[in-house]
1. Any chance region B:363-371 includes a residue that's surrounded by 17 or more Cβ atoms within 10 Å (Cβ to Cβ), without any contact (Cβ under 8 Å) to a residue 60 or more places away in the chain, within 11 Å of another protein chain (Cβ to nearest Cβ) and not aliphatic (A, V, I, L, M)?
2. Hey, among A:405, A:381, which residue is modelled with pLDDT of 85 or more, in a helix (DSSP H, G or I) and either touching an Asp or Glu at 6+ places or on another chain (Cβ under 6 Å) or at the interface with chain B (Cβ under 9 Å from one of its Cβ atoms) (or both)?
3. Sort through A:153, A:111 and tell me the only one that's out of contact with any helix residue (DSSP H, G or I) (no Cβ under 9 Å at 6 or more places or on another chain), open to solvent by 30 Å² or more (accessible area, probe 1.4 Å), assigned to a helix (DSSP H, G or I) and touching a residue at least 24 places away in the same chain (Cβ under 8 Å).
4. In this structure, does residue B:431 turn out to be open to solvent by 30 Å² or more (accessible area, probe 1.4 Å), touching a residue at least 40 places away in the same chain (Cβ under 8 Å), more than 20 Å from residue B:257 (Cβ to Cβ) and hydroxyl-bearing (Ser, Thr, Tyr)?
5. In region B:164-174, which residue that is farther than 16 Å from residue A:169 by Cβ and either in a loop (DSSP other than H, G, I, E, B) or not hydroxyl-bearing (Ser, Thr, Tyr) (or both) is farthest from the other protein chains (Cβ to nearest Cβ)?
6. Working only within region A:217-236, note down all residues that are away from chain B (no Cβ under 14 Å) and open to solvent by 10 Å² or more (accessible area, probe 1.4 Å).
7. For region A:177-196, which residues satisfy the criterion of being open to solvent by 40 Å² or more (accessible area, probe 1.4 Å) and within 22 Å of residue A:235 (Cα to Cα)?
8. For residue A:270, indicate whether it is touching a Phe, Trp or Tyr at 6+ places or on another chain (Cβ under 9 Å), of a type outside the set (S, T, N, Q) and not assigned by the TED database to the domain that holds residue A:159.
2 protein chains.
Amino acid sequence: MEQRNIDFFKETVEEMLEKQDLEALRLYLEELHPYEIGALLDELEESKQLVILSLTLPEAAAEALEHLDFDDQYRLLDHLDEESASKIIAAMGRDAIADLLMAIHPNKAQEIMAMIPREYLESIKFLMSYPEDSAGGIMSLDYIQARQYWTIERVIEHFRKVGRKQSVTNYIYIVDAVGKLVGVLSLKELLLNEPKTKIEDVMHTNIITVLATADQEEAAKLMSQYDLMILPVVNEQGRLVGVITADDIMDVIEEEDTEDIHRLGGSQPLDLPYLESTLTTLFSKRIGWLVVLFATQAVTSNILKHYEGVLSSVVALTFFMPLLAGVGGNSGTQASSLIIRGLALGEITVQDIAVILFKELRVSALIGIVMGTIGYFFAWTVSGSTGVAAVVAVTVTVVLIVSSTIGAILPIVGRAFRLDPAVFSAPLITTVVDITSLMVYFNIAIKLLKLGG
Amino acid sequence: MEQRNIDFFKETVEEMLEKQDLEALRLYLEELHPYEIGALLDELEESKQLVILSLTLPEAAAEALEHLDFDDQYRLLDHLDEESASKIIAAMGRDAIADLLMAIHPNKAQEIMAMIPREYLESIKFLMSYPEDSAGGIMSLDYIQARQYWTIERVIEHFRKVGRKQSVTNYIYIVDAVGKLVGVLSLKELLLNEPKTKIEDVMHTNIITVLATADQEEAAKLMSQYDLMILPVVNEQGRLVGVITADDIMDVIEEEDTEDIHRLGGSQPLDLPYLESTLTTLFSKRIGWLVVLFATQAVTSNILKHYEGVLSSVVALTFFMPLLAGVGGNSGTQASSLIIRGLALGEITVQDIAVILFKELRVSALIGIVMGTIGYFFAWTVSGSTGVAAVVAVTVTVVLIVSSTIGAILPIVGRAFRLDPAVFSAPLITTVVDITSLMVYFNIAIKLLKLGG
């Protein structure tokens, strides 16, 4: 199919539904990828959604559902006829079912439970025992195991038996009598080795694994460092309990980066996309920080009140307050965002603090001198006073150095205290820098202009 | 091996080098993963690096090198003895060699070229013809092809012949006489089907592909949407030219998100990690925006000068200027970071602008009322004047609404004009909002306090 475009799919499907040409529709849906069917369902009203789901092959329908919100997944499974629903559920990955059950209301979960094949129930309960952002929470159970004393031949035979049902089949995991992971063999090696070879003679024993209780970020880091497509998950006893695939990890990386970007913007991370978040969610995720920052920034008012004398004697000083605060905030934000990302990627550690401090001092001194010069001429043209111009110039330089340093160091100090560096958001840095720059400004003014504070 | 820790590896390796126990070292290195050997090399001085590389199996050494900077890759290959160097190069992926050649100085590239196996040269030149951030720039050539009229049996036979040399083996790509991609078959299906089956009867013909000239972000989006582990890359004629694997895409995602975060912080993205960037790089990546923003923010000075009369008659108004600018900047940054991330993930499109505008108006009105109330009582306690307090309260509310709207809408407008939304960084939003909030403040002051502008 040439044109892979959801709107185009939608038109075609709705035409067929018009004509009640269900057979054509069934064939058409076979040509679509589960993701596309999912996106399509998102665009249609329920009556049409149900027809489409019942016409789609259970495997594809199951995958398509995973692209919808959990509430929609529940609603559709609930409103579908018993038979289609149970077929789809039986085709869903056990990890996907577990995620659904954990996301929806317990009563609704009960209804779904009733449709789950008996043999699944236990393993699903097991999956649900791990927090959703842990390695165990994102792992799949649909992998293939073998024993080390088996021959290649026997593994292939075993593979032919169970392989069809499993989704993760690029590796065979070799476990001992108690289920401890002792080796791994790729499907490629399975094909390339002689049928009579014993697995233990060819398997890789030196395996990168992650604890089921570890944070999903830990799993993501391992997979991107070691360039892994699949990461086996073990429990404290080293027993193999699941596998994480690269396509799941891509979502984790996006998710974690989104959280960081939201925090850097000074709001608590949204769990849903912006458009799907309710007013009250958006309100509650944003008001908190704003109030905290307001309270912090309130200090500036008291500082200014304290320098009321200076202000009224040289009103011109007021002209440059926003400019100076701006300069400081901007350079502080620059520095912090560079450092925070470095920390997130593990490129920067707390031990580097001295190196970074020294580096920032030099960079910001360079920037400070350039900006200070610009500042001098600007302030001079606006205020007509070389005195005020000098005050502005010196302040710009000092503020740039101070703010870059604060912006760079705060996140590292925060990390040292186990705080998420991303809480040192642009707004927070700006606020801290605002206060400092005003103090600097007025003290320099008093010195240079010989004013009585 | 229990303890997977680079420092621990380093100690052990250096001990063995002390004792000149090279055989033990060789065996020890076999236990390490290429990534770990790479990290280890990063920690050692050249003499030791060279010993380690010459003791490591070429395949592992080749992979380990890929974890180092291009300049280090070149230096080591250049200083190694001819034989080890050529062995390692022969074991490197052609895409890795191409990346190296493109990154280093042409003269150095010539030296490396000399060591590349003849049969590689042409395909490497081909890879080098694609920009490094295009799909073609990150694709690998080490995949397996078959023809649609072959039987499963014949493909397996072919696989046994060529499979060992190839790195991407989870799928067999089926091409026609002119190399056009006509189908794909997973290794799993190869094993599960009857030996006599014709490929064309079992292969999948409905394949997601990406153009070699497309941006790597396009490839990343496809792979995470469709949950693909491997994405075939085709040229304009639909000929298969390479494949992209999920582990490469993970790096792309990290890379793109890093660029966004740097831009959001108001600096041009760094190409190297912060710690490896030189002073001059950091300076030049940061000064540009600071000057632009300075120039923009300079407007505030003229505004203030224009309201000099108001300022000198009611100095108390000055007290709250930083606070108001802060409030506006913070809410603007919040809104913009939420929207920018939404745009980056494709959750928000330009068409949503009206919905978002309406949503922001309501959210910010809610927030504005709360903050306005807080602002009133605060301003009243500081200034002792209910008039000034009223001005502050009203301004806070207005500024919050205006700034959230600007913060939310600017990135979408930018996207509409094909600008990277991340250019609408916190600093830029803050600056724009600064100016607006001052105007609002003074006009409200003049109205409420009946002052002559």
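1. Yes: one or more hits.
2. Numbers: A:381 fails: either touching an Asp or Glu at 6+ places or on another chain (Cβ under 6 Å) or at the interface with chain B (Cβ under 9 Å from one of its Cβ atoms) (or both).
One residue alone meets the criteria, A:405.
3. A:153
4. Criteria not met by residue B:431.
5. Only one residue tops the list, namely B:174.
6. A:235
7. Once the filter is applied, which keeps residues that are open to solvent by 40 Å² or more (accessible area, probe 1.4 Å) and within 22 Å of residue A:235 (Cα to Cα), region A:177-196 yields A:177, A:178, A:180.
8. It is false that residue A:270 is touching a Phe, Trp or Tyr at 6+ places or on another chain (Cβ under 9 Å), of a type outside the set (S, T, N, Q) and not assigned by the TED database to the domain that holds residue A:159.
The values are calculated or read from the model by the stated rules, or taken from the named source; none is laboratory data. These numbers come from a predicted model, not from an experiment. Counting neighbours? That spans all protein chains shown, and the Cβs are built from the backbone with ideal geometry, glycine included. All accessible areas refer to the heavy atoms of the entire protein, side chains included, with ligands and DNA or RNA removed. Shrake-Rupley method; radii C 1.70, N 1.55, O 1.52, S 1.80 Å.
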